[in-house]
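What follows is a set of notes on a single structure, which appears directly below.
The values are calculated or read from the model by the stated rules, or taken from the named source; none is laboratory data. This is a predicted model, so every value here is computed, not measured. Note that we place each Cβ from the backbone using ideal geometry, even for glycine, and neighbour counts take in every protein chain shown. These area figures cover heavy atoms from the full protein model, side chains too; ligands, DNA and RNA do not enter into them. Shrake-Rupley method; radii C 1.70, N 1.55, O 1.52, S 1.80 Å.
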Amino acid sequence: VQLQASGGGLVQAGGYLRLSCAASGSTFNINRMGWYRQAPGKQRGLVAGIYRDSSTNYADSVKGRFTISRDNAKNTVYLQMNSLKPEDTAVYYCNARMGGTFRDYWGQGTLVTVSS
């Protein structure tokens, strides 16, 4: 599985960005796609995930502000980020977790910078 992420950038606090992640390869067995983020000096953590059945989960810090969605025809997952805060600044990584093996695949990181 290959993951191609895009959409990061610089935005002012209160603004919005949309990240995209296109999956290719053996995508048929992906159980969950999601976004993680890692800020300087912090561990990488899950931001949002969307499962094959379209159920979703979010980190508490982004609930109500971020929305994850998917386009199955395009094998693409999106992360709409609204009301961005400086603490959302991080490198965001697209993730695909396989069913059965729970093997993780990662896209390249995309930097999101929120200025105050």
| Partner lysines for Lys85 [C-alpha distance under 23 Å; skip if fewer than 8 residues away on the same chain] | Lys42, Lys63
| said: Given a 1.4 angstrom probe, what's the average accessible area per residue across the range 16-75, in square angstrom? | reply: 57 Å²
| task | Mind checking the range 1-94 for chymotrypsin sites (Phe, Trp or Tyr not before Pro) that DSSP puts in a loop (not H, G, I, E or B) and that have at most 13 other Cβ atoms within 10 Å? | result | Tyr16
| query | Comparing Gly64, Gly49, Gly34, which has the greatest mean-square fluctuation in the GNM of the chain with Cα pairs linked when under 10 Å apart? | reply | Gly64
| message | Please give me the summed charge of the neighbours of Ala96: other residues whose Cβ is under 10 Å from its Cβ, Lys and Arg +1, Asp and Glu -1. | response | +2
| field | Local electrostatic count, Tyr51, Cβ distance below 12 Å [Lys/Arg +1, Asp/Glu -1] | value | +3
| task | For the chain, calculate the relative contact order in percent as a whole number, restricting contacts to Cα pairs under 8 Å that are 6 or more residues apart. | result | 37 percent
